[in-house]
Amino acid sequence: MTAVDVVEICSRLLAIDSSNYGPDGPSSEREAAEYIVGLLEPAGYRPEILESAPRRANVVLRVPGEDPTLPGLLVHGHTDVVPVERDQWSVDPFGGEVRDGYLWGRGATDMKDAVSMMLACLLRWNEDGARPRRDIVFAFVADEEDCGNYGAQWLVSEHPELFDGVGGAIGESGGFVVPVADVNGVLHRFYPIAAAERGIMHLAVTARGTAGHGGSRNPDSAVAKLIGALARVADHRWPIRVPATVQAFFDVVGPTLGISPDLSSHEGFDATLLQIGDLEDVVRSTVQCTTNPTVLRAGEQVNVIPSSAYAEIDVRTLPGTEDETLRILDELLGDDVEWRFIENRPALETSIDTEWYRAMRACIEQTDPEAVVVPRLLGGGTDAKAFGRLGIACYGFTPTTQDPQGRTGSGMHGVDERVPVSSLQGGLEVLYRFLSTV
Ligand SMILES: [Zn+2]
């Protein structure tokens, strides 16, 4: 057991309520940032706190590598968490409690576990008198759980010089283990590494019409126009498109499990999902765009027809499909409504034919010689979208290992979030090896 205790670090981070309530809410990434600085400064590091707004704090530091000619690596993790429904929890979500082999609390799997591992690596270098091969920039950022405008997006826009010379990056959503049985019942351990993300388009849609009495005939109703447009969008069946990352995923998963994935149709894909066990979660939303109306506002009173109606649509696009998606959306929405972007962040897809990917795979395989490493595309999004703007090759790689007693992490964005203690400790070993040798 090393003197650096990753569980203790994580427990303390979990005890800090850094809930992200959006731009107008009370946010306290500052406290987490101060904790990080207090941990690193005594170890000889010079972390810098950069505030994008009062108390919206980011911490960045650069660890010089032995070979300054190598491209640098960025290691990024967010310190904010999504809010909790406290009365639903069976433990204090900000207690940082260790019980039954788990560390409990909001952020235990997303992603204070990984942030703790990153911090533990830094402390261990200091203890071992070691340093990485290449420059490594660590960014502990605010505001990932909302839109990144106070965190990664802000850092990239306002302080791109912090990332000078950086060629690759690792962040959340990869490197964990997913055990799946093949057709003969033999268990295989898959380790997905994120190499792509769908894009995010958030649209605001407004319909205008003629206001009037709720009991009168009105052929020009804003509400009727809006729901017509939204219904067309919600009902649209988006075509299957298989991104290179998803194809590469199935090229490995198919032969390993002894199945023949069918990615040619919606029906074929749905049938394939049923054959891949818990990997279903990893690829469910990765071969088509999705367009979900989520916000709806119109009217004040039941007997008054309002002059306008408003909605928001959450659109997720696959790499390379942005233009096509917009063209179809425009047709579906029709001429009766107008729309604008609230947010438009293109999809991201990084090659897996890189030194970075091979190094991550090698580190996982050294820990688990039977590991099956696969690339994945994220249906959602992370801060990688921000750092990708700098031309950095972004991956999701925050490793955790399988718990010997079968415990698994759970509760992400939900209730009773927890991470197995052994997974955290095992993950640290993988990450330390990667960061020290890459
Ligand atoms: Zn996260």
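Can you find a residue in the stretch 207-221 that is at pLDDT 95 or above, under 28 Å from ALA384 (Cβ atoms) and among the basic types (Lys, Arg)? Among the residues of the stretch 207-221, not one is at pLDDT 95 or above, under 28 Å from ALA384 (Cβ atoms) and among the basic types (Lys, Arg), which makes the answer no.
Name the residue, out of VAL141, VAL156, that is within 17 Å of ILE49 (Cα to Cα) and either at pLDDT below 95 or within 16 Å of the ligand (Cβ to nearest atom) (or both).
Testing whether each residue is within 17 Å of ILE49 (Cα to Cα) and either at pLDDT below 95 or within 16 Å of the ligand (Cβ to nearest atom) (or both) leaves just VAL141.
Of all the listed residues (SER410, SER422), the sole one being at pLDDT below 95, more than 14 Å from the ligand (Cβ to nearest atom) and small (Gly, Ala, Ser) is SER410. Of the residues making up the stretch 163-177, those that are more than 16 Å from the ligand (Cβ to nearest atom), under 21 Å from PHE397 (Cα atoms) and at pLDDT 95 or above are PHE163, GLY165, VAL166, GLY167, GLY168. What do you reckon, is ALA231 in the same structural domain as GLN288 (by TED's automatic domain parsing) and exposed (fewer than 15 other Cβ atoms within 10 Å of the Cβ)? The answer is yes for ALA231.
Restricted to the stretch 123-136, and to residues that are more than 30 Å from VAL91 (Cα to Cα) and of a type in the set (A, V, I, L, M, F, W, C), which residue is most open to solvent (accessible area, probe 1.4 Å)? Looking at residues that are more than 30 Å from VAL91 (Cα to Cα) and of a type in the set (A, V, I, L, M, F, W, C), I get ALA130.
Looking at the stretch 121-131, can you tell me whether even one residue there is outside any helix (DSSP H, G or I) and in contact with a Phe, Trp or Tyr (Cβ under 8 Å, 6 or more places away or on another chain)? Checking the stretch 121-131: at least one residue is outside any helix (DSSP H, G or I) and in contact with a Phe, Trp or Tyr (Cβ under 8 Å, 6 or more places away or on another chain).
Residues in the stretch 221-250 that are farther than 30 Å from LEU263 by Cα and among the hydroxyl-bearing types (Ser, Thr, Tyr): SER221 only. Screening GLN402 with (1) polar (S, T, N, Q); (2) away from the ligand (no atom under 14 Å from the Cβ); (3) at pLDDT 95 or above gives one miss only, at (3).
Per the listing ALA195, ALA244, the residue uniquely open to solvent by 30 Å² or more (accessible area, probe 1.4 Å) and under 22 Å from SER173 (Cβ atoms) is ALA244.
In summary, strands (runs of 3 or more DSSP E) completely within the stretch 266-347 and bearing 2 or more residues that are more than 20 Å from the chain's Cα centre (by Cα) and without any contact (Cβ under 8 Å) to a residue 40 or more places away in the chain occur at 290-298.
The values are calculated or read from the model by the stated rules, or taken from the named source; none is laboratory data. All values reported here derive from a predicted model rather than from experimental measurement. We place every Cβ from the backbone using ideal geometry, glycine too, and count neighbours over all the protein chains shown. These area figures cover heavy atoms from the full protein model, side chains too; ligands, DNA and RNA do not enter into them. Shrake-Rupley method; radii C 1.70, N 1.55, O 1.52, S 1.80 Å.
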